[in-house]
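Heads up: the structure comes next, in structure tokens.
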Amino acid sequence: MNTINGGEAVYRVLKANRIDTVFGLLGGSMLELYDAMYQGGDIAYVGARDERAAGHMADAWARMTGKPGVVLGAQAGPGVVNLVTSVAEAQLAYSPLVVIAGAITRADQAKDTFQEVDQVALFAPICKRSVMVTDPERLAPMLEDAIRLANSGRRGPVVLHVPRDLFASSIPAIDPVPVNIARPGPAAPADIAAIADLLEGAERPVIFAGGGFKWGAGRDALTALAETLEVPVVASTGHADVMRHGHPWFAGQAGPRGNRVASRLTKEADVMVVLGARLGFNSTFHSNDYVGEETRIAHVDIEGSAVGRYFPAEIAAQGDARLTAQALVSETRKPAADNWRKTFRADMDSLLEEREREAKIATLPLHPRRALAELRDALPENAVVTLDTGNTCLQAADRLAHYQPLSLITPLDFGLVGFGLAAAIGAKAAAPDRPVVAIMGDGAIGYTMIEIQTAISHNLPIVIVVLDNEAWGAEKAYQQEFYGGRLLGAEITSPRFDQFAESCGGNGIWVNGPGELGPALTQAIASNKTTVIQGKIDPGALMTLRKDLFATPKED
């Protein structure tokens, strides 16, 4: 009987499921798997300098490819624990991450062994499943289950803990086949008909589109629906790439992190059809300030428990966003809403004029909105942009232009600072022919700046734009507005990240003021080398949100 070890079994399962790239940091808990990948040669390995960053890389790779992103927590204990942040990020982004986590040998468990920690319990609350493999012959089937679960229904991370001795154990040779993933269909025909009737009678209709269209490759279906109905579309937070920038029926991102036109649409609509979105906190603050109290809502999502959870849904349905949009195209009649359409077009023209004025701000230091306008104009149409969380990226959320599908990757609901650089590397590994640009603040890049070396050493050239306002901007804005300007911990100083990139073997560009950032981005992309562009931006140009959280309580 032919036998293989557990590391070879894992390699074969990954290969059978078209996982051609994995991310991790070398550790002693799964060297047999590393050896199998080396000898097999069909799976590229991107070795990060921190497990957290490796997890973000795999997360972004998954979002770009639609396949589960695989990250190796190759060192039991501290190495695996370092993945907690990236697993929590993937959980709240509904990103299919498969973590193969090394664990101490079975014989040493529950003995306070070196690097022993209850990994299964640690990850249980922040993933779809956290489970320990206890039998070497169950390793391959349980990995297949992890792949299936991560990429089924509402996607998310799965953590598979594998004791060190299982990778070395001999098992019968296997010849795995790809895991079949069941895909949901559209909303039920009765729900499609009801939504069509609701839309036909609407005077102020809007389509609220979310990440379901990105996972389901549904941009064409969404565009066709908007064009058939001649109804404006707004995007949920972090998904401003669900339609092509500049499309006449696309209003951009709605809600507190969006623009005033899209937010007015959701506030004033009499009918809102929500497809592939949750109407979650980042998009609505769960407030009627962003979704009209009288708005009649038809809500369709792949996860039934999300439908109508935050706002009452007159029509509640479970289904795939793309397939539901396709069904609606053939079922729905164009609503008579000419005044609504006319107002929407005028509002969009006004917004575009506003953005053009922002592009001419000539103050020093560079105003962030001028910076974003220069980036918007210089980004190639096939570019992928990764954003971080923070005040400047908050302003970037709706001020950039995304033309091709899968052009925007953000931290989404976890609100993670330090995500963008690592995510850019993962996106580049998934789409090597597309330019990838990470836009970050000076605080954010400090979390993962060593991964610049990862991008260079693995020949994954990315551009990192550091907009440096010498502050933790979001917190500084709140301290200024609600705490009398008493700043503690808000102001920071940073090194020259452009020079750090040069010390790693990449390029660095320092931007001095207006008119330099756009050409710098063009130059950096053309160089095809990992490049950091850094420039000072106005530390006083900050945005503030959620004022209700900081209101002074009324005295009795």
- Given (1) within 25 Å of the chain's Cα centre (by Cα); (2) over 30 Å from Ala140 (Cα atoms); (3) buried (at least 23 other Cβ atoms within 10 Å of the Cβ), where does Trp215 come up short, assuming only one miss? (2)
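Yes/no matrix, rows are residues, columns are (1) of a type in the set (S, T, N, Q); (2) on the phi < 0 side of the Ramachandran plot:
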site	(1), (2)
Ser305	yes, yes
Gly308	no, no
Leu323	no, yes
Asn339	yes, yes
Thr343	yes, yes
Arg355	no, yes
Asp398	no, yes
- Task: Examine the range 202-210 for a residue that is surrounded by fewer than 22 Cβ atoms within 10 Å (Cβ to Cβ), touching a residue at least 60 places away in the same chain (Cβ under 8 Å) and more than 28 Å from Arg355 (Cβ to Cβ), and state whether such a residue exists.
- Result: yes
- Task: Name the single residue, out of those in the range 218-236 being of a type outside the set (Ser, Thr, Tyr) and part of a loop (DSSP other than H, G, I, E, B), that is nearest to the chain's Cα centre (by Cα).
- Result: Gly218
- Message: Here is a list: Thr324, Thr332. Which entry is of a type in the set (Val, Ile, Thr), buried (at least 17 other Cβ atoms within 10 Å of the Cβ) and at pLDDT 95 or above?
- Response: Thr324
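In the range 412-439, what count of residues is obtained for those that are at pLDDT below 95 and surrounded by 22 or more Cβ atoms within 10 Å (Cβ to Cβ)? Even if it seems obvious, please write down each step before you answer.
Of all residues in the range 412-439, those at pLDDT below 95 come to 412-418.
After this cut, where a residue has to be surrounded by 22 or more Cβ atoms within 10 Å (Cβ to Cβ) as well, the list is 412, 416, 418.
The total comes to 3.
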- Of the conditions (1) in a loop (DSSP other than H, G, I, E, B); (2) at pLDDT 95 or above; (3) touching a Ser or Thr at 6+ places or on another chain (Cβ under 8 Å), His239 clears all except one; give me its number. (3)
- Task: Those residues that are in contact with a Ser or Thr (Cβ under 7 Å, 6 or more places away or on another chain) and part of a helix (DSSP H, G or I), I need them from the range 2-29; list them, please.
- Result: Gly6
- Item | Positions within the range 137-164 being under 22 Å from Val80 (Cα atoms) and modelled with pLDDT under 95, in sequence order | Arg164
- Contact list, first residue from the range 299-314 and without any contact (Cβ under 8 Å) to a residue 12 or more places away in the chain, second anywhere and in a loop (DSSP other than H, G, I, E, B), beta-carbon distance below 8 Å, six or more apart or interchain, is Val307/Ala313
- Count, please, the residues in the range 245-277 that happen to be under 18 Å from the mean Cα position of the chain (by Cα) and free of Cβ contacts under 8 Å to residues at least 40 places away in the same chain. 1
- Mind checking which pairs have a first residue in the range 161-188 that is in contact (Cβ under 8 Å) with a residue 12 or more places away in the chain and of a type in the set (D, E, K, R) and a second that is in a loop (DSSP other than H, G, I, E, B) and crowded, with 19+ Cβ neighbours inside 10 Å, Cβ under 6 Å, 6 or more apart or different chains? Arg164/Ser29
- Can you spot a residue in the range 453-464 that is among the hydrophobic types (A, V, I, L, M, F, W, C), at pLDDT below 95, in contact with a helix residue (DSSP H, G or I) (Cβ under 8 Å, 6 or more places away or on another chain) and not in a strand (DSSP E or B)? no
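Just to check your reading of the model, which residue among Thr134, Thr113, Thr105 is surrounded by fewer than 16 Cβ atoms within 10 Å (Cβ to Cβ), β-branched (Val, Ile, Thr) and free of Cβ contacts under 8 Å to residues at least 12 places away in the same chain?
On the way: Thr134 fails: free of Cβ contacts under 8 Å to residues at least 12 places away in the same chain; Thr105 fails: free of Cβ contacts under 8 Å to residues at least 12 places away in the same chain.
Answer to the check: Thr113.
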- Which of the residues belonging to the range 19-60 are among the aromatic types (Phe, Trp, Tyr) and surrounded by 24 or more Cβ atoms within 10 Å (Cβ to Cβ)? Phe23
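Condition check: among the polar types (S, T, N, Q), surrounded by 17 or more Cβ atoms within 10 Å (Cβ to Cβ) and under 26 Å from the mean Cα position of the chain (by Cα). Does Ser169 satisfy that? Outline the logic, then answer.
On the way: among the polar types (S, T, N, Q): yes; surrounded by 17 or more Cβ atoms within 10 Å (Cβ to Cβ): yes; under 26 Å from the mean Cα position of the chain (by Cα): no.
So Ser169 fails the test.
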- Query: Name the residues in the range 242-252 that are closer than 23 Å to Glu303 by Cα and either surrounded by fewer than 21 Cβ atoms within 10 Å (Cβ to Cβ) or modelled with pLDDT under 95 (or both), would you?
  - Reply: none
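Select, from Leu416, Leu406, Leu467, the only residue that is in the same structural domain as Arg370 (by TED's automatic domain parsing), touching a helix residue (DSSP H, G or I) at 6+ places or on another chain (Cβ under 7 Å) and at positive phi.
Details: Leu416 fails: at positive phi; Leu467 fails: at positive phi.
Going through Leu416, Leu406, Leu467 in turn, the sole match is Leu406.
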- Query: With (1) under 20 Å from Leu366 (Cα atoms); (2) surrounded by 22 or more Cβ atoms within 10 Å (Cβ to Cβ); (3) at pLDDT 95 or above; (4) within 26 Å of the chain's Cα centre (by Cα) as the list, and Lys476 as the residue in question, which single condition is left unmet?
  - Reply: (3)
- Note on the structure: Reported set for the range 75-101 where residues are under 19 Å from Val120 (Cβ atoms) and surrounded by 24 or more Cβ atoms within 10 Å (Cβ to Cβ) is Ala76, Val80, Leu83, Ser86, Val87, Ala90, Leu97, Val98, Val99, Ile100, Ala101
- Considering each residue of the range 448-468, count those that are crowded, with 22+ Cβ neighbours inside 10 Å and more than 24 Å from the chain's Cα centre (by Cα), and give that number. 0
- Inside the range 144-160, can you point out the residues that are of a type outside the set (Lys, Arg), touching a residue at least 24 places away in the same chain (Cβ under 8 Å) and out of contact with any Pro (no Cβ under 9 Å at 6 or more places or on another chain)? Val159, Leu160
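The values are calculated or read from the model by the stated rules, or taken from the named source; none is laboratory data. These numbers come from a predicted model, not from an experiment. Quick reminder, even Gly has a Cβ in these numbers, built from the backbone with ideal geometry, and neighbours come from all protein chains shown.
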